[in-house]
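The values are calculated or read from the model by the stated rules, or taken from the named source; none is laboratory data. The model shown is predicted, which means the values in this text are computed figures rather than measured ones. Glycine also receives a Cβ, built like all others from the backbone with ideal geometry; neighbour counts cover every protein chain displayed. The protein model used for the area step is the full one, side chains on, heavy atoms only, and it has no ligands, DNA or RNA in it. Shrake-Rupley method; radii C 1.70, N 1.55, O 1.52, S 1.80 Å.
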Amino acid sequence: MAPRRITSRSYKEKYDIIKFMEANPHAKRKDVAARFDLKQSSLADIIKKRDKIIKTFENTDEAWQGTRMRVKTGVYDDVAEVLIMWVRQQELFTGASPQGEALQAQAKVFAQEFGHKTWPSPAWVKRFMKRYGILTPSCASTEDESKDEDVIAWNEEVLKDLFKRYNPPDIYCCEETCLYWKLLPGKYCNRKRSPNGNKKARKRITILMCANMAGTDKMPLYVIGKTLNPSSFRNVQSLPVDYKAYQKAVMTKTFFREWLYKMDSAMGSQDRKIAMVLASCPVHMVEELQNIELVLLPDCLTAEFLPMNKGIIHTLKLNYRLILSSRLLVATESKKHFHWDLLDAVLALRSSWAKISTQAIVEVFGSAGFAATAPAAPDEEAPHTDPKLDKKVAQLRDFRILWDKLSNLHPCLPPLEEYIIVDNDDECHQRQSPYDSQSVNGDSDDGELEWNTTQDSPTLEEAFKAVNVIRLFNAKTRGQPPDLHKELDSYESFLVGELAKRYYQPLQADT
């Protein structure tokens, strides 16, 4: 009697079988089993574990390669999830991956936070680094070494001279980034499996952000959309950002010149002379300004060496997508239609930009090699910071909690970190001639019609009610911001003034 042949199916094969059955709902199980050379009992097991197979294949980094037969779970899986977020955060802020003892020490901190009585061993840390592709210093290429030499030359020749002539509050940096402002977690499409993605959900804008080295001056965000008068801007008297429109929603030379001259004029009115560090790009003009000295990054260095790319852009997108995801979760749980238009996106961006602290800006300038603010070397004997006190880690943890809840409502979500930076690689500068006409699509809605354009402007009575609702919620909630009462009182005074204007009648002069 011939021995029984045992075959194991990979997650990719199981996933293909499930997708075939979804595409052919009327197919008999016997025929499906014969098509894929399966026993009907094996097919029944696959159908029984359908949700687990789909989630594992679409959310696990290695499973979709087609080689995984099973996904093992370990004792420290919860530690690994938080630790990899911490590693990626350190990479963004310092430009290097934590190694060896530093990585193990942080893993120990997280293990204690999760209540483990033991903590990961050095062997576990090595497997963790291999699993997530964290390179060791010995794996650094000669190209990286040459970049390090260019960075050293930049620091010695340019930055030191800059520090001699300017104080930290007078050294600024600006950078642009693309944002898919309408991309919801449930609409996300993994680019690795579908390069085109969900085009309707990928409505984009370009954002220019600028701040000084001391973190004391954050310029208002400069936003470029595709349409000049989207429907959500109707009856809006003022925006918290500078908004422009171009048919491709990218930065053009004309827009950049306009923004730079406006800033030059503002510095002149304050009798200030500043330096502006920015990437070398055709859109970034090089010409004499009265109050601003442009310092272009050399061609041998990419824009990733600018302070904004060392963590500020990532933090802005993290804050924005945390706001968007939380609003979506609240609407979904209350079974209400979720409304998110360009005005909502602009308001969320303003809030996201305001949440970036002065200390965070100082730290990223230091990590970018600006010696005047470089952080001091850590004391090896000093106790590790409690993650509960680290706002950035706490924010990521809060987002992870919301993301897990959204995963239950919207199956097959991507990894959280991938969703945060999904638009990082998109072009944000004009590729054609810098003197192309800046045509916009008239008064079209940039796709907002498919959401909702029938919302009326909030009334004064609704604004008063909103203030009362916030006060009532705060009265029944612990840990509210200390200055919130003052801000609500100030806003209520503004509303009272607006109400008085409604009934104000000018006195008629005696005749």
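Annotation: peptides 492-501, 333-342, ranked by per-residue average of other Cβ atoms within 10 Å with the highest first, follow the order 333-342, 492-501. A Förster radius of 35 Å combined with the Cβ-Cβ distance from residue 262 to residue 330 puts the calculated FRET efficiency at roughly 0.40.
With the simple model of a label 7 Å out from the Cα in the direction of the Cβ, residue 78 to residue 474 spans 3.4 nm. Summary of packing: across the peptides 16-24, 77-85, the per-residue average of other C-beta atoms within 10 Å ranks them, highest first, as 77-85, 16-24.
Please compute the net charge surrounding residue 402, taking Lys and Arg as +1 and Asp and Glu as -1 over other residues with Cβ under 13 Å from its Cβ.
Combined, the nearby Lys, Arg, Asp and Glu give +2.
For region 258-321, what does the accessible surface come to per residue with a 1.4 Å probe? Please give it in Å². Computed with neighbouring chains in place, this is 41 Å² per residue. In plain terms, the chain from residue 400 to residue 501 could stretch by 31.8 nm, reckoned as 0.36 nm per residue minus the Cα-Cα distance.
Among the listed pairs 182/476; 19/49; 226/310; 52/335; 226/317, give every one whose C-alpha distance is greater than 22 Å. Pairs exceeding the cut-off: 182/476; 226/310; 52/335. A straight chain from residue 465 to residue 118 at 0.36 nm per residue would run longer than the Cα-Cα distance by 119.7 nm. The accessible surface of region 209-309, taken with every protein chain in place and a 1.4 Å probe, is 47 percent carbon and sulfur.
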